[in-house]
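Engineer: Sharing a structure, written as structure tokens. Questions coming.
All of the numbers you see were taken from the coordinates with simple rules; none came from a lab. Values in this document were obtained by computation on a predicted structure and should not be read as measured data. Don't worry about glycine lacking a Cβ; one is built from the backbone with ideal geometry, like all the others, and counts go over all protein chains shown.
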Amino acid sequence: MWIKDRFIWGRRTYLMGIINITPDSFSGDGLSSHSAAVAQAREFVSHGADILDIGGESTRPGAESVSAESEADRVVPVVAAVRDALPDATISVDTYRAEVAERALDAGADIVNDVWGLRADPDMASLAAERGVPVMLMHNRSKPGHAAIDARLGGQYIGPNYDDLLTDVYGELAALAQNALDAGISRDRIILDPGLGFGKTVAQNMALINHLDRFKGLEYPLLVGASRKSFIGQVLDKPIGERLFGTAATVALSIVRGADIVRVHDVCEMAQVARMTDAMLRAPTT
């Protein structure tokens, strides 16, 4: 069981809908008003989103960092507004800063989604442990200057140094989980994310999806976020606005390979992909 007894791993795939409160989101869907964010949250829930992921800083390759104060000013009022409008929703805050996470949790967030796996801020792990909230820990080897930026297709990382991609990511995810346990976060509050697009080449991103079942050996729920990312654009030669079908392929294969949560922009369409894939996987053989 997981928060509010809503999440039973293995029963079905859960959908996380992305709500970007950023002017420079890579996906071009950044929102600038609380009312627009609430409207998007309502729409996502109506189409089947199980988690609403609210973030206030772009993590695309080449994006400039914002201050904790600016990030909190974007995120916290939106979390509060969404909580007020949708009191039963499950809300995650997409941040690696403890200060922002704490204020978002006070405003009504349920989960911390940290793209640096609790490594960027020394106070994040203790905060999550103290609050008893679930944490989503992402594998991340991205470094400034290691990405090539294409104006049409977006950024991609060039030559990240892995001795063996699957073995290295497996070991580093295990270390992130152990660090969380050592900080006092309970095992049933940990979700792992292989970090598609964060310090991986196009081929490496695809290999991580195709071999996602390797990470089931860690015995934690797995989150996959491939939606609209540049590796899809590179393979299909499609700009951000034309990656719906490519995203659908990544969602379907991620589910087949063992994803428990898929993080997506296009909730209505991907909910159908997830439901159909789940139905086929669980279909009787007689």
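Engineer: Run the simple label-point estimate for Ser65 and Gln272 please: 7 Å along Cα→C-beta, distance reported in nm.
Structural biologist: Those two pseudo-labels are separated by 4.2 nm.
Engineer: Right, here's the next one. Hey, with R₀ at 25 Å, roughly what FRET efficiency would Glu219 and Val256 work out to, going by the Cβ-Cβ distance, to 0.05?
Structural biologist: Working: r = 19 Å, r/R0 = 0.77.
So, using R0 = 25 Å, E works out to roughly 0.85.
Engineer: Can you tell which of Leu137, Leu218, Leu173 shows the greatest fluctuation in a Gaussian network model of the chain with Cα springs below 10 Å?
Structural biologist: Largest GNM mean-square fluctuation: Leu218.
Engineer: Asp168 versus Ala39, label points 7 Å from Cα toward the beta carbon: distance in nm?
Structural biologist: That separation, rounded to one decimal, is 4.5 nm.
Engineer: Using the Kirkwood radius over Cα pairs, work out the Stokes-Einstein diffusion coefficient for region 3-279 at 25 °C and 0.890 mPa s, in µm²/s as a whole number.
Structural biologist: On the way: Rh = 18.5 Å.
Estimated diffusion coefficient is 133 µm²/s.
Engineer: In the Gaussian network model of the chain, springs joining C-alpha atoms below 10 Å, which of Gly17, Gly199, Gly241 carries the largest mean-square fluctuation?
Structural biologist: Looking only at Gly17, Gly199, Gly241, the biggest GNM fluctuation is shown by Gly241.
Engineer: Ok, one more. Name the residue, out of Pro87, Pro221, Pro194, whose mean-square fluctuation peaks in a Gaussian network model built on the chain with Cα pairs under 10 Å.
Structural biologist: Comparing Pro87, Pro221, Pro194 in the GNM, the peak value goes to Pro87.
Engineer: For the chain, what proportion of DSSP beta bridges, expressed in % and rounded to the nearest 5, is antiparallel? Before the final figure, lay out the partial values.
Structural biologist: On the way: 4 of 30 bridges.
So the antiparallel bridges amount to about 15 percent of the total.
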